[in-house]
Amino acid sequence: MKNPAKDTFTPKEALQKLEHFCAYQERCHSEVVEKLYSLKMTSDEIDTIVVQLIEGNFLNETRFACSFARGKHRIKQWGKVRITNELKARHISSTNITLALKEILLEEYFETFENLAEKCWNNLTETNLLKKRKKFCDYMLRRGYESNLVYEKVQELEQS
């Protein structure tokens, strides 16, 4: 007979489970609340557990935002626009978003942008220059880079 997944958790068990959840990887408040709802906790229990996680330093929104920004830029090569939008979608405060974006060094940011732009432009096989420009711009904007950077770069690449 199959062992059904445990349906109900005591607040203490849920706290323990969430401590592991937060220790494994930085989490934002909304992810934690969502997880607690999936464990069928009440609103009061959720509030209590979230406060305990914050007091135990398992949950720290500033730390999450900074880690998120660094990781998404270095690993996925996202621009600041995309990182900002993703953090806003996770209900991160604008103060924490500003702090997180400061984690990305300007020198590193522009180097990543240049490398990604060159790679993208060289990999496009489109012969029609207008279509190639559009594909390049769409890709770079989707990656979250500022439109003025993208448009300056496409003009520079066309002339080379």
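The values are calculated or read from the model by the stated rules, or taken from the named source; none is laboratory data. Bear in mind that the values here come from a model prediction, so they are computed numbers and not experimental data. Cβ sites come from the backbone with ideal geometry, for glycine too, and all protein chains shown count toward neighbours.
Brief remarks follow.
- Matching option when the condition is modelled with pLDDT under 95 and closer than 30 Å to residue 142 by Cβ, among 25, 77: 25
- Within the set 110, 68, the sole residue that is without any contact (Cβ under 8 Å) to a residue 24 or more places away in the chain and either closer than 17 Å to residue 27 by Cα or surrounded by 11 or more Cβ atoms within 10 Å (Cβ to Cβ) (or both) turns out to be 110.
To keep it simple, each residue is scored yes or no on (1) surrounded by 12 or more Cβ atoms within 10 Å (Cβ to Cβ); (2) among the acidic types (Asp, Glu); (3) at positive phi.
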site: 118; (1), (2), (3): yes, yes, no
site: 127; (1), (2), (3): no, no, no
site: 130; (1), (2), (3): no, no, no
site: 136; (1), (2), (3): yes, no, no
site: 139; (1), (2), (3): yes, no, no
site: 143; (1), (2), (3): yes, no, no
site: 158; (1), (2), (3): yes, yes, no
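- Of the helices (runs of 4 or more DSSP H) that lie entirely inside region 47-160, those containing 1 or more residues that are charged (D, E, K, R) and touching a Leu at 6+ places or on another chain (Cβ under 9 Å) span 80-89, 106-123, 129-142, 147-159.
- First in region 140-151 and in contact (Cβ under 8 Å) with a residue 40 or more places away in the chain, second anywhere and among the small types (Gly, Ala, Ser), Cβ under 6 Å, 6 or more apart: 143/79; 144/79; 145/79
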